[in-house]
């Protein structure tokens, strides 16, 4: 994990509190090293920006890895629905593929 990148992303989050990307990018930085921090960031992102479709895949996968299977499945199902509603069939297929592995 690059501490300079973390600081930069944290700064962007403070400067642009309504922009979902810095939160998403910071969560991805934490995925392998601090999964609980990543989970908190992804959950916060999905609460505040439920239309930010890329977060559903990673949030679902992370919740599954942390033993929260019911939450993971619900997140992934919601991600598939939102992707289809947005006309993003590619992302819907990717999320559905992960969901199929878990169900």
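State which residue is surrounded by the most Cβ atoms within 10 Å (Cβ to Cβ) when the search covers only segment 29-40 and only residues that are in contact with a helix residue (DSSP H, G or I) (Cβ under 9 Å, 6 or more places away or on another chain) and assigned to a loop (DSSP other than H, G, I, E, B).
Selected residue: 31.
Against the definition (touching a helix residue (DSSP H, G or I) at 6+ places or on another chain (Cβ under 9 Å) and surrounded by fewer than 15 Cβ atoms within 10 Å (Cβ to Cβ)), how does residue 69 come out, yes or no?
Yes, satisfied.
Taking the condition surrounded by 14 or more Cβ atoms within 10 Å (Cβ to Cβ), in contact with a helix residue (DSSP H, G or I) (Cβ under 6 Å, 6 or more places away or on another chain) and modelled with pLDDT of 95 or more, does residue 91 pass?
Details: surrounded by 14 or more Cβ atoms within 10 Å (Cβ to Cβ): yes; in contact with a helix residue (DSSP H, G or I) (Cβ under 6 Å, 6 or more places away or on another chain): yes; modelled with pLDDT of 95 or more: yes.
So residue 91 passes the test.
Run residue 61 past the list (1) more than 18 Å from residue 98 (Cα to Cα); (2) part of a helix (DSSP H, G or I); (3) in contact with a helix residue (DSSP H, G or I) (Cβ under 7 Å, 6 or more places away or on another chain) and report the number of the one that doesn't hold.
(1)
Restricting to segment 1-17, give me the number of residues that are out of contact with any helix residue (DSSP H, G or I) (no Cβ under 7 Å at 6 or more places or on another chain) and either under 17 Å from residue 40 (Cα atoms) or buried (at least 16 other Cβ atoms within 10 Å of the Cβ) (or both).
2
Identify, please: which residue in segment 41-56 is closer than 14 Å to residue 82 by Cβ and in contact with a helix residue (DSSP H, G or I) (Cβ under 6 Å, 6 or more places away or on another chain) and is, among those, surrounded by the most Cβ atoms within 10 Å (Cβ to Cβ)?
Taking the candidates together, the pick is 56.
Table: residues versus (1) under 10 Å from the mean Cα position of the chain (by Cα); (2) not in a helix (DSSP H, G or I).
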residue	(1), (2)
8	no, no
12	no, no
17	no, yes
22	no, no
27	yes, no
42	yes, no
45	yes, no
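The values are calculated or read from the model by the stated rules, or taken from the named source; none is laboratory data. As the structure is a computational prediction, the values presented were derived from the model and not from experiment. With ideal geometry, Cβ positions are generated from the backbone for all residues, glycine too; neighbour counts draw on all protein chains shown.
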